[in-house]
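Student: Before anything else, here's the structure in question.
The values are calculated or read from the model by the stated rules, or taken from the named source; none is laboratory data. Because the structure is a prediction, the values reported are computed rather than measured. Positions of Cβ are backbone-derived with ideal geometry, glycine not excepted, and every protein chain shown enters the neighbour counts. Side chains are part of the model used for accessible areas, which takes the heavy atoms of the whole protein and leaves out ligands, DNA and RNA. Shrake-Rupley method; radii C 1.70, N 1.55, O 1.52, S 1.80 Å.
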Amino acid sequence: MTQQKPTIGFIGLGIMGKPMARNLMKAGYALTVLNRSRGPVDELAAEGAKAGTTPREVAAASDVVITMLPDSPDVEQVALAEDGIAAGIKDGALWIDMSTIAPATTKKVADQLASQGVVSVDAPVSGGEKGAIDAALSIMVGGSAEAFARAKPIFEALGKNIVHVGELGAGQVTKACNQIVVGVTIEAVAEALALAEASGVDPAKVRAALLGGFAQSKILEVHGQRMIDRTFNPGFKAKLHRKDMNIASNAGDEHGMDLAAAKLVREKFDELIARGDGEKDHSALRTLYPLRDTAPVG
Ligand code: NAP
């Protein structure tokens with residue numbers, strides 16, 4: 001006997017959330033969707049989703065509530081404000097937060113929901129907009145084994161590499177680790193390609209050469225190409241990566257560790273944001289170094 005799929009409420013339909021919600025609909029889930037601006041709600045409603053009005057109403061209509069919001073205060077507000085998820089969610093429901101936020105916020109919201117009979121998992125993702133569109137995200141999950149088992153079929157409609165890392169909050173710790181590696185590597189690629197250009201050497205050829213050796217990485221491949229093409233439309237907004245470097249740096253401090261490279265990259269993002277480029281892709285770190293407009297010596 002096949003079990004009926006749970007109904008899902010999906011809140012936060014941005015660069016990541018909209019294609020993720022779409023993939024859940026393709027997999028046969030009935031969705032109620034909500035976003036701050038109305039555009040993406042109307043778009044998904046035209047494709048068969050139900051348009052939600054408040055987080056409270058979305059939660060009341062759903063067996064599972066998924067949030068994909070920018071930052072910790074957004075999740076806290078959507079979950080715990082007067083018209084928030086907690087005000088409407090059903091006893092026995094599941095909350096899946098796929099945003100990248102501070103583990104302390106995950107725990108604060110999950111504690112409130114647990115007192116109402118709701119189980120929670122934190123499940124931040126990696127793989128970018130393309131991974132979201134292709135249902136090929138890497139999903140790092142924190143929560144009990146029972147909660148993970150409930151959420152897994154949903155994750156299978158969204159991603160490929162699904163890892164149950166540990167208890168609640170472990171997903172966010174893993175994502176902080178991910179963002180250290182990604183952020184520091186973007187800075188390294190930006191410095192390398194800036195040095196190539198300043199030296200009159202073709203950065204495209206430098207990238208091609210490096211891709212065959214130990215410096216090879218997805219960041220060199222994808223973000224290196226963006227830097228060469230000067231395409232800094234997001235992708236992943238610099239202001240959101242700054243938030244993540246802050247989460248990682250603070251977590252290091254809490255354990256008495258000075259994460260020097262993470263802090264340096266946080267400063268680089270601060271510089272980018274201060275000059276008004278926070279909405280650009282995180283690969284725009286390259287623009288903090290001189291950009292040559294003339295074709296480099298090949
Ligand atoms: P985004 O494009 O800025 O989308 C966030 C969405 O949340 C927007 O559509 C925004 O609505 C909506 N929102 C904000 N506050 C809300 C509220 N109170 N109620 C309802 N909706 C609200 O961000 P994103 O790139 O999708 O990222 C979402 C999360 O995933 C972040 O935590 C980010 O760090 C993480 N992440 C992103 C990537 C990536 O490559 N982009 C990759 C992995 C993880 P508006 O339309 O009004 O702005």
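Student: Of all residues in the stretch 126-155, which are outside any helix (DSSP H, G or I) and open to solvent by less than 10 Å² (accessible area, probe 1.4 Å)?
Tutor: Selection gives L137, I139, V141, G142, G143.
Student: Anything in the stretch 238-260 that is assigned to a helix (DSSP H, G or I) and open to solvent by 50 Å² or more (accessible area, probe 1.4 Å)? List them, or say none.
Tutor: Residues satisfying the conditions are K239, R242, N250, D253, E254, A260.
Student: While we're looking at this one, here's another question. Among the numbered criteria (1) surrounded by fewer than 20 Cβ atoms within 10 Å (Cβ to Cβ); (2) under 15 Å from V181 (Cα atoms); (3) in contact with a Phe, Trp or Tyr (Cβ under 9 Å, 6 or more places away or on another chain), which single criterion is violated by H282?
Tutor: Evaluating H282 over (1) surrounded by fewer than 20 Cβ atoms within 10 Å (Cβ to Cβ); (2) under 15 Å from V181 (Cα atoms); (3) in contact with a Phe, Trp or Tyr (Cβ under 9 Å, 6 or more places away or on another chain) leaves (1) as the failure.
Student: What's the number of the only condition in (1) under 17 Å from the mean Cα position of the chain (by Cα); (2) part of a helix (DSSP H, G or I) that L220 fails to meet?
Tutor: So L220 meets the others, but not (1).
Student: Are any of the residues in the stretch 277-291 in a loop (DSSP other than H, G, I, E, B), touching a residue at least 24 places away in the same chain (Cβ under 8 Å), within 16 Å of the ligand (Cβ to nearest atom) and touching a strand residue (DSSP E or B) at 6+ places or on another chain (Cβ under 6 Å)?
Tutor: Just the residues of the stretch 277-291 that are in a loop (DSSP other than H, G, I, E, B), to begin with: 277-280, 289-291.
Those left that are additionally touching a residue at least 24 places away in the same chain (Cβ under 8 Å): 277-280, 289-291.
Going one step further and asking which of them are within 16 Å of the ligand (Cβ to nearest atom), we end up with 277-280.
Restricting the remaining residues to those that are touching a strand residue (DSSP E or B) at 6+ places or on another chain (Cβ under 6 Å) gives 279.
Within the stretch 277-291 (the criterion being in a loop (DSSP other than H, G, I, E, B), touching a residue at least 24 places away in the same chain (Cβ under 8 Å), within 16 Å of the ligand (Cβ to nearest atom) and touching a strand residue (DSSP E or B) at 6+ places or on another chain (Cβ under 6 Å)), the answer is yes, since at least one residue qualifies.
Student: Taking the stretch 37-71 as the search range and keeping residues that are small (G, A, S) and touching a residue at least 40 places away in the same chain (Cβ under 8 Å), which one is nearest to the ligand (Cβ to nearest atom)?
Tutor: G52
Student: If A86 passes every condition in (1) in a helix (DSSP H, G or I); (2) open to solvent by 40 Å² or more (accessible area, probe 1.4 Å) but one, which one does it miss?
Tutor: (2)
Student: Hey, can you tell me all the residues within the stretch 37-56 that are open to solvent by 40 Å² or more (accessible area, probe 1.4 Å) and part of a strand (DSSP E or B)?
Tutor: If the condition is that a residue be open to solvent by 40 Å² or more (accessible area, probe 1.4 Å) and part of a strand (DSSP E or B), then K50 is the only one that fits.
Student: If you don't mind, there's one more thing I want to ask. Among the numbered conditions (1) within 19 Å of K175 (Cβ to Cβ); (2) touching a residue at least 24 places away in the same chain (Cβ under 8 Å); (3) in a helix (DSSP H, G or I), tell me where M227 comes up short.
Tutor: (1)
Student: What are the residue pairs meeting all of these: first residue in the stretch 100-128, first residue touching a residue at least 60 places away in the same chain (Cβ under 8 Å), second residue more than 16 Å from the ligand (Cβ to nearest atom) and open to solvent by 40 Å² or more (accessible area, probe 1.4 Å), Cβ atoms under 7 Å, and 6 or more apart or on different chains?
Tutor: Short answer, once both residue conditions are applied: T106/L168; K107/L168.
Student: Looking only at the stretch 77-118, filter to residues that are within 13 Å of the ligand (Cβ to nearest atom) and polar (S, T, N, Q); which one of those is farthest from the chain's Cα centre (by Cα)?
Tutor: Q77
Student: Looking at the stretch 237-253, is at least one residue more than 18 Å from the chain's Cα centre (by Cα), assigned by TED's automatic domain parsing to the domain that holds D277 and within 22 Å of K280 (Cα to Cα)?
Tutor: no
Student: Can you tell me which condition V181 does not meet? The list is (1) within 16 Å of the chain's Cα centre (by Cα); (2) open to solvent by 50 Å² or more (accessible area, probe 1.4 Å); (3) outside the structural domain of L220 (by TED's automatic domain parsing), and all the others hold.
Tutor: Result: V181 passes all but (3).
Student: Then there's this: Being part of a helix (DSSP H, G or I), away from the ligand (no atom under 13 Å from the Cβ) and open to solvent by less than 60 Å² (accessible area, probe 1.4 Å) is the filter here; which residues of the stretch 17-36 pass it?
Tutor: N23, L24, M25, listed by residue number.
Student: List, please: which pairs have Cβ atoms under 8 Å, are six or more places apart or on different chains, and start with a residue in the stretch 189-201 that is within 15 Å of H223 (Cβ to Cβ) and end with one that is among the basic types (K, R) and open to solvent by 10 Å² or more (accessible area, probe 1.4 Å)?
Tutor: So the pair list comes out as L193/R207.
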